[in-house]
Each structure stands twice: as structure tokens, then as C-alpha cells.
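Asker: Below you'll find the structure I mean.
The values are calculated or read from the model by the stated rules, or taken from the named source; none is laboratory data. If you're wondering where the values come from, they're calculated on a predicted model, not measured in any experiment. Here the Cβ positions follow ideal geometry from the backbone for every residue, glycine too, while neighbour counts run over all protein chains shown.
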Amino acid sequence: MDWVPIAWLGGIAFGFAVFSVVAGALTGPRRYNRAKLQAYECGIEPTPQPVGGGRFPVKYYLTAMLFIVFDIEIVFLYPWAVAFDSLGLFGLIEMVLFIATVFVAFAYVWRRGGLEWD
């Protein structure tokens with residue numbers, strides 16, 4: 001019977017999701033014009049795409065990978081900061097080594113111009 005509150009919470013979440021979709025469909029505007037049906041391009045006039053979808057520069061993917069690497073570093077820093085007192089000197093040395101490794105990667109990317117937006 002320990003699962004009953006979880007089932008209630010799941011049912012409430014499912015009901016809220018269904019209610020939100022139905023309420024949005026019933027109360028939303030029904031008059032669509034050409035501008036509302038076009039893709040949102042942040043105010044930039046959309047350009048026709050070449051056949052096959054076109055190619056993106058590799059720099060976009062590298063920036064995304066850098067974001068993931070440094071985001072994962074932050075994910076590892078939070079639990080360490082919470083348990084810092086109980087880890088002692090060993091935890092401090094391990095985190096210094098981890099941050100130094102990530103800093104070397106950051107310096108490499110910075111030196112190679114991976115953070116330049118030109």
C-alpha cells in the first residue's frame with residue numbers, strides 16, 4: 001500500500017495534462033492567418049532551405065558539446081559541496097584534480113578559438 005500516494009500523484013498529473021490540452025483546444029483562438037502558420041524565425045526573414053535540409057557549421061555542435069561538458073562539471077560539484085565536511089582532505093584533492101582536468105580542456109578550447117563568435 002506504499003504505492004497509493006504515488007499512484008494518486010500520477011493520476012493527478014495525468015488528469016492535469018489532459019485537462020490542459022483540452023482546455024487549450026477549447027479556449028484557444030480558431031482564426032489562423034498566414035503569419036501564425038509560418039515557422040518562428042526570431043524576426044529574421046526565413047530563407048529557403050536547399051534540398052536535403054542544408055548544412056550547419058560544426059561550430060554549433062562544438063558549442064553544444066562544450067555546454068554539456070561544463071554542465072556535467074556543475075552536476076558533479078553540487079553533491080561534493082553538500083558532502084564537503086564529511087569527505088575531508090581526500091575529497092578536496094579529488095575535486096581539485098577534477099576541476100584541473102576540466103580547466104585544461106577549457107584552456108585548450110579557448111586557445112583554439114572555440115569560444116569565438118565571428
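Asker: Name every residue in segment 17-41 that is surrounded by 10 or more Cβ atoms within 10 Å (Cβ to Cβ) and among the aromatic types (F, W, Y), in order of residue number.
Answerer: Passing the criteria: only F19.
Asker: Continuing with the same structure: Which condition number in (1) surrounded by 11 or more Cβ atoms within 10 Å (Cβ to Cβ); (2) at pLDDT below 85 is the one that R55 fails?
Answerer: Failing condition for R55: (1).
Asker: For segment 100-116, name all the residues that are touching a helix residue (DSSP H, G or I) at 6+ places or on another chain (Cβ under 8 Å) and not in a helix (DSSP H, G or I).
Answerer: Initially, segment 100-116 is screened for residues touching a helix residue (DSSP H, G or I) at 6+ places or on another chain (Cβ under 8 Å), giving 102, 105-106, 109, 114-115.
Within segment 100-116, G114, L115 qualify.
Asker: Taking only pairs six or more apart or across chains, which ones have beta-carbon atoms under 6 Å, a first residue in segment 81-103 that is within 14 Å of V69 (Cα to Cα), and a second residue that is assigned to a helix (DSSP H, G or I) and modelled with pLDDT under 90?
Answerer: From segment 81-103, the pairs are V102/E73.
To keep it simple, each residue is scored yes or no on (1) modelled with pLDDT of 85 or more; (2) outside any helix (DSSP H, G or I); (3) closer than 30 Å to Y108 by Cβ.
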site	(1), (2), (3)
V18	yes, no, no
A35	no, no, no
A64	no, no, yes
S86	yes, no, no
